[in-house]
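Chemist: Take a look at the following structure, please.
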Amino acid sequence: MLRAGIVGLPNVGKSTLFNALVANAKAQAANFPFCTIEPNVGVVAVPDERLAVLAQISGSEQIVPTRVEFVDIAGLVKGASQGEGLGNQFLANIREVDAIVHVVRCFENDDIIHVSGSIDPDRDIEVINLELGLADLSQVERRIERVRKQARTSKEAKLELEALEKIVAVLNEGQPARLAELNEDEAIAVEPLGLLTRKPIIYATNVSEDDLAEGNPWVDRVRSIAATENAQVVVVSAQVESELIELPVEERADFLDALGVKEGGLQSLVRATYDLLGLRTYLTTGPKETRAWTIRAGMTAPQAAGVIHTDFERGFIRAETVAYEDLVEAGSMQTAKEKGLIRSEGKDYVVREGDVMLFRFNV
C-alpha cells in the first residue's frame with residue numbers, strides 16, 4: 001500500500017486537510033503549535049470513476065478500490081533536527097513513507113496564528129527542507145564513519161560509501177539528497193537509510209476558497225521552488241475539503257464546479273503522487289468484484305499478476321487484456337471479444353494504465 005506523510009509547520013492546515021482526506025479520521029485540529037503529538041494514520045480509498053462503470057457492465061457484487069495510507073505528522077519547527085519541538089520523534093515517523101506531502105500555508109487568516117508571524121512560503125519551505133536536510137546529513141555522516149573501514153575489504157561497503165559521499169556533497173550545498181546523481185546500484189545501497197530528502201515530495205499549497213481555482217502569488221512562488229527540486233505542486237483548500245465531506249456524494253461535483261475546479265484535494269494528491277512515483281492502475285472485473293490494482297510503470301503482465309498473488313506470477317500463462325475505453329464502448333466482455341478488442345498478451349507485455357485484465361495461470 002502506498003504511504004504518504006503529511007508534513008509542514010504548525011498551523012498550516014495539515015490536520016484539517018488530513019481529517020478531510022480521511023473522512024473517518026479524528027485528528028485534532030486546533031490553533032496552537034504541537035496540537036498533534038503522535039502521528040495520525042488513516043487509510044483512504046483512491047477515487048476511480050472507472051470502477052463503478054465496470055461493476056455495472058459485469059454485474060459485480062462489490063467494488064474494491066486501491067488504497068493510500070496518509071500519516072499526519074506533527075508540525076515541525078526550526079531546530080527539529082536537533083530535537084526542538086520533539087523534532088527527532090516527528091522526523092522518525094517520516095522515514096517509512098513512500099512520498100512526502102509538504103503542506104504550505106498560502107492563505108491569510110488573522111484568526112489562525114502563524115508560527116513565524118506572517119505568510120511567507122519561501123521561508124516556510126526553507127525551514128522544513130533545512131530541518132529534513134540536517135537530519136539526513138547527521139545520519140549520513142554517522143553512516144560514513146561506520147562504512148569507511150568496511151570499504152577497505154568489502155565491495156558492497158565501497159559502493160555504499162561512494163553513494164554516501166555523493167549525497168553528503170549535495171546536502172552540504174543545501175540541496176535535497178534526491179538531487180544526488182546515483183546509479184541504480186548506489187540508490188539501492190542507500191535505500192535502507194530512509195533518507196528524508198530522497199523521498200519524492202509534493203507541495204500542497206493550502207489556499208482560501210476564493211483562490212482554489214486560480215491560485216495566488218504565494219502558490220506561484222511554491223511552483224517556482226518546486227521546479228528546482230523535481231517536485232510537484234497541487235492546490236488544495238483544507239477548508240473546502242472539510243465542507244465537501246459534509247455534503248452528500250451526489251452534490252459534491254456541483255459544489256466543486258461552482259468553485260471552478262473539477263476534482264477534490266484527495267484526487268489531486270493521489271494523481272500527483274502516482275505520477276511522481278511512476279505508478280499505474282490496472283483493473284479486474286467480474287460477477288464477484290471489480291477491483292483496482294496499483295503497479296509500477298514498466299511492469300510486465302506476470303509481474304502485475306504477482307500483485308494479486310505470487311502464484312499468478314509463478315504460473316503465468318497469458319493475460320486476456322482489453323483497454324478500459326474499448327470495453328466501455330463495447331458494453332460487455334462478450335461484445336468486446338466478438339469485435340476482437342480482447343488481446344492475448346504474453347510474458348513480455350508491459351501493462352498499460354487502465355488495462356482490464358484476466359490472468360490465465362497454472363501452478
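All of the numbers you see were taken from the coordinates with simple rules; none came from a lab. These numbers were taken from a predicted model, which means no experiment stands behind them. Here the Cβ is made from the backbone with ideal geometry for all residues, glycine too, and neighbour counts use every protein chain on show.
Chemist: Which percent, to the nearest 5, of DSSP beta bridges fully inside the chain are antiparallel?
Modeler: Beta bridges within the chain, antiparallel portion: roughly 50 percent.
Chemist: Picking from 295, 100, 57, which is most flexible by a Gaussian network model of the chain using Cα springs under 10 Å?
Modeler: Maximum fluctuation in the GNM of the chain, among the listed residues, is at 57.
Chemist: Also: How big is the range 117-181 by the Kirkwood estimate over distinct Cα pairs, in Å?
Modeler: Result for the range 117-181, one decimal place: 12.9 Å.
Chemist: For the range 293-351, I need the span (max minus min coordinate) of the C-alpha atoms along each principal axis, in Å, sorted largest to smallest.
Modeler: 31, 21, 18
Chemist: Using the structure shown, select from 14/262; 166/199; 262/288; 158/199; 262/337 the pairs with a Cα to Cα distance greater than 25 angstrom.
Modeler: Among 14/262; 166/199; 262/288; 158/199; 262/337, the Cα-Cα distance tops 25 Å for 262/288; 262/337.
Chemist: When only C-alpha pairs under 8 Å and at least 6 residues apart count, what is the relative contact order of the chain, in percent?
Modeler: Here the relative contact order equals 18 percent.
Chemist: Now for a separate question. In vacuo Debye scattering of the chain, one point per C-alpha: log10 I(q)/I(0) at q = 0.08, 0.11 Å⁻¹?
Modeler: The Debye formula, applied to the Cα set alone, gives -0.48, -0.86.
Chemist: When all C-alpha to C-alpha distances in the range 173-276 are sorted into bins of 10 Å, what percent of pairs does each bin hold, rounded to whole numbers?
Modeler: 13, 36, 27, 16, 8, 0
Chemist: Hey, what does the equivalent ellipsoid look like for the range 223-312, semi-axes from the Cα gyration tensor as sqrt of 5 times each eigenvalue, largest first, whole Å?
Modeler: So the equivalent ellipsoid measures 31, 22, 9 Å along its semi-axes.
Chemist: At 222 nm, what value in deg cm²/dmol follows for the chain if DSSP H runs of at least 4 each add -39500 (n - 2.57) and the sum is divided by all its residues, to the nearest 500?
Modeler: Theoretical 222 nm ellipticity from helices: -12000 deg cm²/dmol.
Chemist: Give me the net charge of residue 61's neighbourhood, meaning all other residues with Cβ under 15 Å from the Cβ of residue 61; Lys, Arg count +1, Asp, Glu -1.
Modeler: Net charge around residue 61: +1.
Chemist: If the cut-off is a Cα-Cα distance under 19 Å, which aspartates and glutamates reach residue 339, setting aside same-chain residues fewer than 8 apart in sequence?
Modeler: 320, 325, 326, 329, 355
Chemist: Something else now. Can you give the convex hull volume per residue for the Cα atoms of the range 241-363, as a whole number of Å³?
Modeler: 145
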